[in-house]
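Report on the following structure.
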Amino acid sequence: MTNRLASSTSPYLLQHADNPVDWHPWSPEAFAEARERGVPVLLSVGYAACHWCHVMAHESFEDEDTARYMNEHFVNVKVDREERPDVDAVYMAVTQALSGQGGWPMTCFLTPDGEPFYAGTYYPPVPVRGMPSFRQVLEAIEHAWREQGDQVRQAAASIVEQLAVKPLPSSTVDEDVLAGAVVSLLGHYDRANGGFGGAPKFPPSMVLEFLLRHHERTGSVQAFSMARVTCDAMASGGLYDQLGGGFARYSVDAAWVVPHFEKMLYDNALLLRVYTHLSRRDDNPRYREVVRDTAGFLLRCLLTEEGGFAASLDADTGGVEGATYVWTPAQLDEVLGADGPAAAARYGVTEEGTFEHGTSTLRLLGESNPAWQRRLLAAREARPQPARDDKVVTSWNGLAVAALAEAGAVFGVPSWIAAAERAATLLLDVHLVGGRLLRTSRNGVAGTAAGVLEDYGCLAEGLLALHQVTADTRWLLTACDLLDTALTRFAGAEPGTYYDTADDAEALVQRPSDPSDNATPSGASALASALVTASALGAPNAAAYRAAAEAAVDRAGLLAAREPRFAGNWLSVAEALALGPVQVAVAGASPELVSAAWRGVHGGGVVVAGEPDSTPLLADRPLVDGAPAAYVCRGFVCDRPVTSVAELTEALAVHR
């Protein structure tokens, strides 16, 4: 017997389609039923790769008695947070305020008008260390609703009022703020292990991008050291897949040894870009390996038949976390024979184990060995594999398009650029309907959720990267259309403020507007980044785009100054603005000049190569004596054109 989730395009919702819980998708019909029955709404939010979501589903949502109680006393609504980030944002703010913590699965109880009155995360099937069981929570909520319904409704209305979004006052992000952010980050920096803070430790991709850009612009040794040491530690630890490439969501410890094994598209897209940029400033072959293998992971494991990129791989295999990825010394011996003990030492695999049940994650404690890597990967691929959430998310695919296009240009790999073009084409063919974006698709069929601000900003950034590497103006013009829509539909009343949902989107109890950069860029910072890039590329509305980006950055100025760990993308955008910008236009066919341009340009700068007058940045930039030429401009003031790699390298070095 299936419930109402059976027709969903979300793999997460489909995982719950056979539950005995009478789940509804998020819909007006669910709340109408709650009003008709006079019962509260139980909202459960999670995502397909979430380990504890699977645990709670098995313990509670698959249990007949628990489901019977839920069905009798609640209207139950299941939401995929990746498909509906707007719903997730509104109720996660409530959960954090009421419980002091957030996370998934998220469990909220709402009035039939959608107003929250109680919230938490995972609840066990029996009481554990002071935590009530899920059944106890259900019974307490049902009793309060039945006996104290008016007070519950009043409390819910008060919660909504207290959590109303209040825009921060503007504050200029100047040189002092950018330098101060580096000092602040030093205070959180883990000098022993790299990264920031303690356990659990997340890959700080956007902060790393800021540090690299700050170093390129100012020469800051501290900024570069924090970025490089953190990248080294992540790449040699268990967070990174030493056999198949790609990064896990986070490390459960401070030393990057044991990951939470789910692999997310957005992490890998953002980190692919970071290691690409790092390799331009430090020609360490390990960084090239990480770029190559992470791009390979995207194409081998996340590429869908339609050409998009799937959202994630699960942390679990067959209900066991990390089962696909961990090893014992005996298993290494079985695959590598006499090389097994040496491989165990190289990869940090011990008899005691670094993970569970005597197994170890793989780290790289010396030089990589491609032969071992290939043989172990082949053996691992014969094991059961984690499930894949194969929905295509617009914003995350935009991040992947930008990363693959740029890495393909820097390292001269046309197949990566081609993959980026194919993904972008899918997004424009399937996700862009009537000039408006949809959030997701699956198997080439678009979902119903409207695109949010990050979808417009991240996809525009990806299309602008494609314009740079192909000189095809259709990518530029389409990106500008997306930016114009975002500026029209998502802007708030105060200059530089933006909502995460459009002005004609479904009304929630709040219109979300979160400026902080977390696992992905905030919608507003993604938009600001694309606006800066478009303005540097000479878009038709370049001056207006730059002004809008400056206003948005100033609006986030207090966040950037006070909490730089949660403003990495904002700080990167501010660095791009401070850069001037740097523009490199290569007129004529010269792979050598193009390669030198991409390897020498700052992060935040732009490169376009093509025939003279074929794009805005190549307008009035002719060949020199019939030979290809590179034009380097800073702050819209250009140096004389150069025709050799040595001259171009020197011209770009001047701006570091």
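Do we have any residue at all in the stretch 476-499 that's in a helix (DSSP H, G or I), open to solvent by 10 Å² or more (accessible area, probe 1.4 Å), of a type in the set (D, E) and farther than 17 Å from A400 by Cβ? Yes, the stretch 476-499 has at least one match. Residues in the stretch 619-647 that are modelled with pLDDT under 95, touching a Gly at 6+ places or on another chain (Cβ under 8 Å) and within 12 Å of V584 (Cβ to Cβ): R634 alone. Of all the numbered requirements in (1) out of contact with any Cys (no Cβ under 6 Å at 6 or more places or on another chain); (2) open to solvent by 20 Å² or more (accessible area, probe 1.4 Å); (3) assigned to a helix (DSSP H, G or I); (4) closer than 29 Å to W256 by Cα, E421 misses one, and that requirement is (4). Return the residues of the stretch 15-53 that are of a type in the set (A, V, I, L, M, F, W, C), within 26 Å of the chain's Cα centre (by Cα) and open to solvent by 10 Å² or more (accessible area, probe 1.4 Å); say none if nothing qualifies. Passing the criteria: W26, W52.
Would you mind finding the one in M106, M56, M70 that is touching a Leu at 6+ places or on another chain (Cβ under 9 Å), more than 23 Å from T501 (Cβ to Cβ) and either among the aliphatic types (A, V, I, L, M) or crowded, with 16+ Cβ neighbours inside 10 Å (or both)?
Of M106, M56, M70, the one residue that is touching a Leu at 6+ places or on another chain (Cβ under 9 Å), more than 23 Å from T501 (Cβ to Cβ) and either among the aliphatic types (A, V, I, L, M) or crowded, with 16+ Cβ neighbours inside 10 Å (or both) is M70.
For the stretch 595-604, does any single residue satisfy the condition of being at positive phi and buried (at least 19 other Cβ atoms within 10 Å of the Cβ)? Yes; the residues of the stretch 595-604 include at least one that is at positive phi and buried (at least 19 other Cβ atoms within 10 Å of the Cβ). Just one of the numbered conditions (1) touching a strand residue (DSSP E or B) at 6+ places or on another chain (Cβ under 7 Å); (2) of a type in the set (A, V, I, L, M, F, W, C); (3) closer than 30 Å to V320 by Cβ; (4) surrounded by 24 or more Cβ atoms within 10 Å (Cβ to Cβ) is not true of L212: (3).
Kindly indicate the residue of the stretch 115-167 that is modelled with pLDDT of 90 or more and polar (S, T, N, Q) and also surrounded by the most Cβ atoms within 10 Å (Cβ to Cβ) among those meeting that condition. The residue in question is T121.
In the stretch 61-72, the residues that are touching a residue at least 24 places away in the same chain (Cβ under 8 Å) form Cβ pairs under 8 Å with partners that are among the hydroxyl-bearing types (S, T, Y), at six or more places apart or across chains, as follows: F61/S44; T66/S60. What do you reckon, is D455 touching a helix residue (DSSP H, G or I) at 6+ places or on another chain (Cβ under 9 Å) and at negative phi? So D455 passes the test.
V573 meets the conditions (1) within 30 Å of A552 (Cα to Cα); (2) aliphatic (A, V, I, L, M); (3) not in a helix (DSSP H, G or I) in every case but one. The failed one is (3).
Number of residues in the stretch 119-169 that are among the charged types (D, E, K, R), within 30 Å of G557 (Cα to Cα) and touching a helix residue (DSSP H, G or I) at 6+ places or on another chain (Cβ under 8 Å) equals 0. When we screen D339, D253, D283 for residues that are open to solvent by 10 Å² or more (accessible area, probe 1.4 Å), farther than 30 Å from S415 by Cα, not in a helix (DSSP H, G or I) and not small (G, A, S), the only hit is D253. If only residues of the stretch 1-14 that are touching a helix residue (DSSP H, G or I) at 6+ places or on another chain (Cβ under 7 Å) and closer than 14 Å to F61 by Cα are counted, the one that is most open to solvent (accessible area, probe 1.4 Å) is L14. In the set L426, L399, L437, L432, only one residue is modelled with pLDDT of 95 or more, open to solvent by 30 Å² or more (accessible area, probe 1.4 Å) and under 30 Å from D503 (Cβ atoms); that residue is L432. With respect to (1) assigned to a loop (DSSP other than H, G, I, E, B); (2) over 29 Å from T9 (Cβ atoms), the lone exception for A156 is condition (1).
I need the full set of residues from the stretch 450-485 which are in contact with a Phe, Trp or Tyr (Cβ under 9 Å, 6 or more places away or on another chain) and over 29 Å from T276 (Cα atoms), in order please. Once the filter is applied, which keeps residues that are in contact with a Phe, Trp or Tyr (Cβ under 9 Å, 6 or more places away or on another chain) and over 29 Å from T276 (Cα atoms), the stretch 450-485 yields only T485.
Residues that are modelled with pLDDT under 95, open to solvent by 20 Å² or more (accessible area, probe 1.4 Å), at negative phi and part of a loop (DSSP other than H, G, I, E, B) do occur in the stretch 530-548.
None of V326, V290, V320 is open to solvent by 50 Å² or more (accessible area, probe 1.4 Å), of a type in the set (A, V, I, L, M, F, W, C) and under 21 Å from E262 (Cβ atoms) except V320. Taken together, L185, L178 contain a single residue that is open to solvent by less than 60 Å² (accessible area, probe 1.4 Å) and in contact with a strand residue (DSSP E or B) (Cβ under 9 Å, 6 or more places away or on another chain), which is L185. Given the criteria more than 17 Å from E367 (Cα to Cα), surrounded by fewer than 23 Cβ atoms within 10 Å (Cβ to Cβ) and among the β-branched types (V, I, T), does V274 qualify? Taking the combined requirement at face value, the residue does not satisfy it. For the stretch 52-61, the condition of being over 28 Å from E147 (Cβ atoms), out of contact with any strand residue (DSSP E or B) (no Cβ under 7 Å at 6 or more places or on another chain) and aromatic (F, W, Y) holds for at least one residue. Give just the number: which of (1) without any contact (Cβ under 8 Å) to a residue 60 or more places away in the chain; (2) more than 30 Å from A560 (Cα to Cα) does L138 not satisfy? Going through the list (1) without any contact (Cβ under 8 Å) to a residue 60 or more places away in the chain; (2) more than 30 Å from A560 (Cα to Cα), L138 breaks only (1). Residues of the stretch 352-391 that are open to solvent by 60 Å² or more (accessible area, probe 1.4 Å), out of contact with any strand residue (DSSP E or B) (no Cβ under 9 Å at 6 or more places or on another chain) and closer than 20 Å to V257 by Cβ: H357, L365, E367.
Among the residues in the stretch 449-460, are any more than 23 Å from L476 (Cβ to Cβ), open to solvent by less than 10 Å² (accessible area, probe 1.4 Å), within 20 Å of the chain's Cα centre (by Cα) and of a type in the set (D, E)? No; the residues of the stretch 449-460 include none that is more than 23 Å from L476 (Cβ to Cβ), open to solvent by less than 10 Å² (accessible area, probe 1.4 Å), within 20 Å of the chain's Cα centre (by Cα) and of a type in the set (D, E).
Pairs meeting the criteria (first residue in the stretch 520-536 and more than 8 Å from R546 (Cα to Cα), second residue open to solvent by less than 10 Å² (accessible area, probe 1.4 Å) and among the charged types (D, E, K, R), beta carbons under 6 Å, at least 6 apart or on different chains) are S525/D517.
The values are calculated or read from the model by the stated rules, or taken from the named source; none is laboratory data. Values in this document were obtained by computation on a predicted structure and should not be read as measured data. Heads up, the Cβs are rebuilt from the backbone with ideal geometry, glycines too, and the neighbour counts pull from every protein chain shown. What goes into the accessible areas is simple: the full protein's heavy atoms, side chains included, and nothing from ligands, DNA or RNA. Shrake-Rupley method; radii C 1.70, N 1.55, O 1.52, S 1.80 Å.
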